[in-house]
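Only one structure is covered here, and it is reproduced in the block below.
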Amino acid sequence: MWCSPGSLCYVFLSCVGAAVGMLTLLDLVPNARHGLVTAVSFFLNVALGAGVGPVAVGFVQTICPRRAGTSGVQFFLIACPGFLLVTGFSLIALRNARRRQSGHSNPHISAA
């Protein structure tokens with residue numbers, strides 16, 4: 001079986017993105033809400049993935065007619081916004097981790 005390096009990179013980054021996104025969400029909410037946040041996140045992931053994914057692929061196929069070597073551009077146009085979102089989540093998680101290490105509390109969690 002043969003897989004292109006680009007496909008392997010995409011699968012790896014997708015897994016990292018899913019983990020970072022979920023951990024960031026769980027970091028931002030109180031412990032009592034972790035189940036709700038996980039359920040809503042998984043629901044939106046499936047609902048948006050199934051609803052927007054095929055439409056995005058069709059839209060990009062219309063914009064970039066298939067020619068030799070254009071599939072990379074199509075994958076980039078579909079995957080890049082998601083990876084940028086994951087990068088933003090990573091930065092938020094790092095900022096919160098630094099606040100906790102310096103002794104500041106998380107403003108999103110109430111001390112109840």
**Flag for LEU44 being closer than 19 Å to ALA97 by Cβ and modelled with pLDDT of 75 or more** = no
**Prompt:** Are any of the residues in the range 6-28 part of a loop (DSSP other than H, G, I, E, B) and not hydrophobic (A, V, I, L, M, F, W, C)?
**Reply:** no
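Looking at GLY49, is it loosely packed, with under 14 Cβ neighbours inside 10 Å, of a type outside the set (Val, Ile, Thr), within 20 Å of the chain's Cα centre (by Cα) and at pLDDT 80 or above? Let's see the steps before the verdict.
Details: loosely packed, with under 14 Cβ neighbours inside 10 Å: yes; of a type outside the set (Val, Ile, Thr): yes; within 20 Å of the chain's Cα centre (by Cα): yes; at pLDDT 80 or above: no.
For GLY49, the condition - loosely packed, with under 14 Cβ neighbours inside 10 Å, of a type outside the set (Val, Ile, Thr), within 20 Å of the chain's Cα centre (by Cα) and at pLDDT 80 or above - is not met.
The values are calculated or read from the model by the stated rules, or taken from the named source; none is laboratory data. All figures in this text were calculated on a predicted structure; none of them were measured in a lab. Because the Cβ atoms are built from the backbone with ideal geometry, glycine has one as well, and the counts that use them run over all protein chains shown.
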